[in-house]
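The values are calculated or read from the model by the stated rules, or taken from the named source; none is laboratory data. Not measured: the values here are computed from a predicted model. Positions of Cβ are generated from backbone atoms using ideal geometry, with glycine treated the same way; all protein chains shown enter the neighbour counts. Protein only, heavy atoms only, side chains kept; ligands, DNA and RNA dropped before computing areas. Shrake-Rupley method; radii C 1.70, N 1.55, O 1.52, S 1.80 Å.
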Amino acid sequence: QVQLVESGGGLVQPGGSLRLSCAASGSIFSINAMGWYRQAPGKQRELVAGISSGGSTRYADSLKGRFTISRDNAKNTVHLQMNSLKPEDTAVYYCYADILRHGSYYEYRYWGQGTQVTVSS
């Protein structure tokens, strides 16, 4: 069993900041990439940011400079610091992790349950 549990979503005013966290737990041998997607109402899910086990990062072009992804390998967690938030950042944010379970030969992408971020005055 593997679980990803997200926290940190909520309501914030335009220009404000939020920090999302996602913790992986369970029968984990190793974690490769971790990251975040988001899905706004009526839109497709889109990549927000990803980070490799070695710390290499990638971002959606439109979010560079405002969002920062980081991870703590010892705690199997990934964070997303979101600054200068805009109403168009409103979405459900989902974390993911590419995990090799104990006793398994293949990685599998696990997803969190999603956390709502609403940017509104």
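Per-residue answers, yes or no, for (1) over 15 Å from the mean Cα position of the chain (by Cα); (2) open to solvent by 60 Å² or more (accessible area, probe 1.4 Å):
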{"residue": "Cys22", "(1), (2)": "no, no"}
{"residue": "Gly26", "(1), (2)": "yes, no"}
{"residue": "Phe29", "(1), (2)": "yes, yes"}
{"residue": "Gln44", "(1), (2)": "yes, yes"}
{"residue": "Ile51", "(1), (2)": "no, no"}
{"residue": "Gly55", "(1), (2)": "no, no"}
{"residue": "Tyr59", "(1), (2)": "no, no"}
{"residue": "Ser62", "(1), (2)": "yes, yes"}
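Checking Ser84, Ser104, Ser70 one by one, the residue that is out of contact with any strand residue (DSSP E or B) (no Cβ under 7 Å at 6 or more places or on another chain) and either modelled with pLDDT under 95 or within 16 Å of Glu6 (Cβ to Cβ) (or both) is Ser104 and no other.
Return yes when Val117 is under 11 Å from the mean Cα position of the chain (by Cα), assigned to a strand (DSSP E or B) and either surrounded by 14 or more Cβ atoms within 10 Å (Cβ to Cβ) or without any contact (Cβ under 8 Å) to a residue 12 or more places away in the chain (or both) and no when it is not. No; evaluated as a whole, the condition is false for this residue. Every test in (1) surrounded by 18 or more Cβ atoms within 10 Å (Cβ to Cβ); (2) within 15 Å of the chain's Cα centre (by Cα); (3) farther than 20 Å from Leu100 by Cα is passed by Val12 save one, and that test is (2). Ile69 satisfies every condition listed in (1) open to solvent by less than 60 Å² (accessible area, probe 1.4 Å); (2) of a type outside the set (Gly, Ala, Ser); (3) in contact (Cβ under 8 Å) with a residue 40 or more places away in the chain except (3). For region 73-109, residues that are open to solvent by less than 50 Å² (accessible area, probe 1.4 Å) and either aliphatic (A, V, I, L, M) or assigned to a strand (DSSP E or B) (or both) total 16.
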